[in-house]
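These notes concern the structure reproduced below.
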Amino acid sequence: MFNKLSVAVRLGLLVAILSVIMLGIGYSGVSGMSFSNEKLKTVYEDRTVALVQLGKVTEAGLRVRYRVSQAIGATNAADLDQSLQAVVKYDGVVKKNWADYAATSLTTEEKRLVADFTTSWAAYDEKRNQVISLLKSGNGAAAKENFGTLDKLFNPAFDALGKLRDLQENVAKQEYEGALEKYDAAFKLNVGLIAGGLAFGILLSWLLIRSLLRQLGGEPDYAAQIVSEVAGGNLALDIRVKDGDRSSLLYSMKQMVDKLSQVVAEVTNGAQVLAGASEEVSATAQSLSQAASEQAAGVEQTSASVEEMTASIAQNTENAKVTDAMASKAAMEATEGGAAVKETVAAMKQIANKIVIIDDIAYQTNLLALNAAIEAARAGEHGKGFAVVAAEVRKLAERSQVAAQEIGEVAASSVSLAERAGELLNSMVPNIKKTSDLVQEITAASEEQSSGVGQINAAVGQLSSTTQQNAAGSEELASTAEEMSSQAEELQAAIAFFRVSGASAAPVQHRANVAPMRRPAAKAGGRKLAAPSGGHVSTAHFPDGEPDEAHFTKF
């Protein structure tokens, strides 16, 4: 299973295991140092500092006792005040340091002794305050009598302090001995881990080196030398492998060199055959290109003629459409003119009827004027003025009657002319419509002819495009054949780089290159046809199914 892992995984595994061992050793060392540090911290904070605090309490307590005795023996008020002030000062030192000590971590025995000292010192403090009160009141004799009792109360407190100091020393000694035991155990564990890790690392390294050498099959320098020889083109190598080796790198390299030698020999022979075949393909392609180019020129001329015919038919179709539009418009205008003439005839007939009415009115007016003249004559002198008016009215009536008759005659003549014009227009409309229908038929025939010629033009264009594709494909085939021949020579030159034992590659002499035929340019009147893209030529373009290749693809 170890051999299946990659080199990177193996090295990573080795580093990981050694790192775990180092972490274990480091963790053990750090744990030991942490334990020792905790013990040192405990000894210092809970024991050494406690001893200092208890020492200060003891010293200050003794000074309190001494200053009380001085106050009792004081001979004047100044000494008494000085002694009492000192008692207060040192009593504060006792209380402060005792409070600091009591706040530390205490064992069960310490708590018992602390309780004893607290009780004894409270009793001593109470008695001392009584003695100080007596001294302040000037009762020195009573204070001296109580001093003996006060001194007896001090001894239990002092004894408790002594026991606490001894206890601190014993506990500190126990802590030190425990730290020594822990150090010995950690030292032995670290030594064991280092020795075991070193042995395991050496064993794992040996297994890794052994597995790598098995996979390589030999020394890395020997494998590098073989690779260098192959890179230099030397395939005539005798690679030495161990007996029974069928999976190492050297064995695979031996197989690779043997296979490369075989492939190089086969490629050399194939390159020679390819060079000869490319010459034959080039000659065939050039002949095909010449024929295709001539065919393309003829098709382009035909295409140009068909395009001119298409343009002429399109122009005729356009003219027929314009004529049809003009005939349709003329027929419409003639129809509208006939309708207008009919309306004019009807209007003139109405005018004639109205003129007859006017003639009748003029006649009646003439009669009335005549009657008025007769009545004026009967009236004599009184009717002269009226007779003159009647005469003028009669004249106007006569003139109106004459004018009405003349207008009637003109209207009658106009009605006849309008009716004749209407008849002529009515006879023209069918002819104009027939002309329009004939022009439409001509237009439809021209469009059908234009469509047919367009299809012919498209077919000719497709034929021209196909012909040019064939010509372009032939040219590309010829060019590709020349390129293939050149590539064959280059391949032979490249293969000659390798030195194969027992074989030699003879270079093929390349015949003189023949330039591929070029397609003649299209004439000025011809339509420009696009060359085929991609260089593919279909077998459908060869009626006899030749050449044998279905498609020619540019190399």
Filtered residues of the range 86-128 (kept if surrounded by 13 or more Cβ atoms within 10 Å (Cβ to Cβ) and over 30 Å from residue 175 (Cβ atoms)): 86, 87, 89, 90, 91, 123, 124, 125, 127, 128
Unique residue being at pLDDT 80 or above, within 30 Å of residue 71 (Cβ to Cβ) and part of a helix (DSSP H, G or I) when the list is 192, 162: 162
Total residues in the range 246-261, condition loosely packed, with under 13 Cβ neighbours inside 10 Å and closer than 28 Å to residue 485 by Cα: 1
Cβ pairs under 9 Å, 6+ apart, first in the range 304-329 and in the same structural domain as residue 464 (by TED's automatic domain parsing) and closer than 22 Å to residue 436 by Cα, second of a type in the set (Lys, Arg) and part of a helix (DSSP H, G or I): 327/433; 328/433
Exclusive hit being modelled with pLDDT of 80 or more and within 60 Å of the chain's Cα centre (by Cα), set 199, 157, 115: 199
Which numbered condition residue 429 misses (of (1) within 60 Å of the chain's Cα centre (by Cα); (2) surrounded by 14 or more Cβ atoms within 10 Å (Cβ to Cβ)): (1)
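Assess whether residue 349 counts as being in a helix (DSSP H, G or I), farther than 30 Å from residue 435 by Cβ and modelled with pLDDT of 75 or more. Working first, answer last.
Values: in a helix (DSSP H, G or I): yes; farther than 30 Å from residue 435 by Cβ: yes; modelled with pLDDT of 75 or more: yes.
Against the criterion (in a helix (DSSP H, G or I), farther than 30 Å from residue 435 by Cβ and modelled with pLDDT of 75 or more), residue 349 qualifies.
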The range 253-299: number of residues that are of a type outside the set (Lys, Arg) and closer than 30 Å to residue 227 by Cα: 18
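For the range 235-242, check the following and say yes or no: at least one residue is among the β-branched types (Val, Ile, Thr) and either surrounded by 15 or more Cβ atoms within 10 Å (Cβ to Cβ) or not in a helix (DSSP H, G or I) (or both).
Pass one, the range 235-242, residues among the β-branched types (Val, Ile, Thr): 239, 241.
Keeping just the survivors that are either surrounded by 15 or more Cβ atoms within 10 Å (Cβ to Cβ) or not in a helix (DSSP H, G or I) (or both) gives 239, 241.
Yes, the range 235-242 contains at least one residue that is among the β-branched types (Val, Ile, Thr) and either surrounded by 15 or more Cβ atoms within 10 Å (Cβ to Cβ) or not in a helix (DSSP H, G or I) (or both).
The values are calculated or read from the model by the stated rules, or taken from the named source; none is laboratory data. What you are looking at is a predicted structure, and each value in this text was computed from that prediction instead of being measured. Cβ: placed from backbone, ideal geometry, glycine included. Neighbour counts: every protein chain shown.
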